[in-house]
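A short worksheet on the structure shown next.
The values are calculated or read from the model by the stated rules, or taken from the named source; none is laboratory data. Given the structure is predicted, the values throughout are model-derived calculations rather than measurements. All Cβ positions, glycine included, derive from the backbone under ideal geometry; neighbour counts span all protein chains shown.
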Amino acid sequence: MKTEEQLIAEAKHLARAAKYFKWTGPGRISALAGWRRHGNCCVYCDKDFTKDWEAMFDSHTDHLLPRSYNEILWDPRNLVRGCWPCNTLKNDYDANRELPEDKLPEDGGRYTSGPHLTRRQHEELLSVCRIEVAKRRERQRAIMEEALSAWNSLPPSVSPPPSMALDEVQPPAPLPMLPIADLLAPISELQEVTLADTAKGADENGLDVESPETGPRGAAPPGAGTAAVTP
């Protein structure tokens, strides 16, 4: 196993090399060192995080001892790399209660105080957590398989519809065709209203408005008041 100095050096290199590892907060280097300690897999279920980007994105930092242990919150030996399901199922499980009280910390005894876990404490806590997470995964597997069975038992009409191929898409129904006279009628009515409104407005303002019948307002019709011209 790599030394703490080697793990910290690798963590600093990752923090400089890729945007994804440029985390904020006081524990980012410690967390990356914890990630590097056990290689490329989830420490609980052995999921390979290097398979593809989605697998890498599923990486989570897990505290072997929960956050209530403030003194070792960001101790690299208290930080491991787990997948989202395992990290969620483990939650705030306290493995420290399973460690013997009659042993020294160097021998894997129960953690009591101090800023760091010993190597032996780390190994013992991880072993206890693995057993507990395996139990919780099995219980959750049974729950989810029952849920999946119930979901798949529904008739197809209740299940989400599959995506339709382009040749299966039905075109929209054609709109009803109206006679041409019905289509032009609103236009004629609009023109009549516009002319009437224009004449009314001009009359109110004393303006001359020319109409097809009378010509300019106040002008005599063609030929009115004009003497007949004889040859």
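Observations on the model:
- Flag for Arg67 being under 23 Å from Ile29 (Cβ atoms), of a type in the set (Lys, Arg) and crowded, with 21+ Cβ neighbours inside 10 Å: no
- Count of segment 63-90 residues, restricted to those that are farther than 19 Å from Glu10 by Cα and more than 23 Å from the chain's Cα centre (by Cα), is 12.
- Listing of helices (runs of 4 or more DSSP H) fully contained in segment 1-95 that carry 2 or more residues being within 26 Å of Gly108 (Cα to Cα) and of a type in the set (D, E, K, R): 4-17, 28-37
- Subset of segment 15-27 (residues that are under 22 Å from Phe57 (Cβ atoms) and surrounded by fewer than 18 Cβ atoms within 10 Å (Cβ to Cβ)): Ala15, Arg16, Ala17, Ala18, Lys19, Tyr20, Phe21, Lys22, Trp23, Thr24, Gly25
- Of all residues in segment 115-167, those that are among the β-branched types (Val, Ile, Thr), modelled with pLDDT of 95 or more and assigned to a loop (DSSP other than H, G, I, E, B) total 1.
- Within segment 36-75, the only residue that satisfies the criterion of being among the polar types (S, T, N, Q), over 20 Å from Glu132 (Cβ atoms) and touching a residue at least 12 places away in the same chain (Cβ under 8 Å) is Ser59.
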